1. Can you pull out every residue in the range 24-41 that is part of a loop (DSSP other than H, G, I, E, B) and either at negative phi or surrounded by 15 or more Cβ atoms within 10 Å (Cβ to Cβ) (or both)?
2. For the range 51-94, what are the residues that are within 16 Å of I19 (Cβ to Cβ) and in a strand (DSSP E or B)?
3. What single numbered condition from (1) in contact with a strand residue (DSSP E or B) (Cβ under 8 Å, 6 or more places away or on another chain); (2) modelled with pLDDT of 95 or more; (3) among the acidic types (D, E) fails to hold for D101?
4. List the pairs whose first member sits in the range 6-17 and is under 14 Å from L121 (Cα atoms), whose second member is acidic (D, E) and assigned to a loop (DSSP other than H, G, I, E, B), and whose Cβ atoms are under 6 Å apart, counting only residues at least 6 apart or on separate chains?
5. Looking at T74, T38, T26, T122, which one is β-branched (V, I, T) and touching an Asp or Glu at 6+ places or on another chain (Cβ under 6 Å)?
6. Return yes or no: is R49 of a type outside the set (S, T, Y), farther than 17 Å from T122 by Cβ and without any contact (Cβ under 8 Å) to a residue 24 or more places away in the chain?
7. Test T74 against the criterion of being surrounded by fewer than 18 Cβ atoms within 10 Å (Cβ to Cβ), modelled with pLDDT of 95 or more and among the hydroxyl-bearing types (S, T, Y), and give yes or no.
8. Conditions first: (1) among the aromatic types (F, W, Y); (2) surrounded by fewer than 16 Cβ atoms within 10 Å (Cβ to Cβ); (3) not in a loop (DSSP other than H, G, I, E, B). F104 passes all but one, so which condition is the exception?
Amino acid sequence: MPLITSPIRVLVVEDETFIRMDVVETLRAAGFDMLEATNADEAIQMLERHFDIRLMFTDIDMPGSMNGLKLAGTVSDRWPPVRIIATSGHFKVQDGDLPADARFIPKPYQPAQIISAVRELTGAA
């Protein structure tokens, strides 16, 4: 009997509704199980409730208690297995801004870039 595996769960954190919807639909169409949050506080609540999140894709420029860089650091500390991809159309990432194993993809990006990075970081075929 073949081994049945559930899809890899990805959390998208983006305050811009249409951008978030686009990334979620792109990754869902690529076979990933998707969760969404509009800010860092929602993202942390999701991570506390869903222990199977394997990757977080987050915007850096977000309103709220912390931006995407601080969120990435928090996630890296509290949930070390969760892989991180950060994005921004304005922010220029410097060495040390993100956790060592996190990836940065500048906006505007192509959907294929996101799918490829998620597959690479999660080991998805």
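1. Taking the range 24-41 first, the residues part of a loop (DSSP other than H, G, I, E, B) are 30-32, 38-39.
A30, F32, T38, N39, listed by residue number.
2. Matches in the range 51-94: M56, F57, T58, D59, I85, A86, T87, S88.
3. (2)
4. Listed by first residue and then by second, the contacts come to R9/D52.
5. Matching residue, one of T74, T38, T26, T122: T38.
6. yes
7. Details: surrounded by fewer than 18 Cβ atoms within 10 Å (Cβ to Cβ): yes; modelled with pLDDT of 95 or more: yes; among the hydroxyl-bearing types (S, T, Y): yes.
Considered against the rule, which asks whether it is surrounded by fewer than 18 Cβ atoms within 10 Å (Cβ to Cβ), modelled with pLDDT of 95 or more and among the hydroxyl-bearing types (S, T, Y), T74 comes out as yes.
8. F104 satisfies all of (1) among the aromatic types (F, W, Y); (2) surrounded by fewer than 16 Cβ atoms within 10 Å (Cβ to Cβ); (3) not in a loop (DSSP other than H, G, I, E, B) except (2).
The values are calculated or read from the model by the stated rules, or taken from the named source; none is laboratory data. Source: prediction; values computed, not measured. All Cβ positions, even for glycine, are placed from backbone atoms using ideal geometry, and neighbour counts span all protein chains on display.
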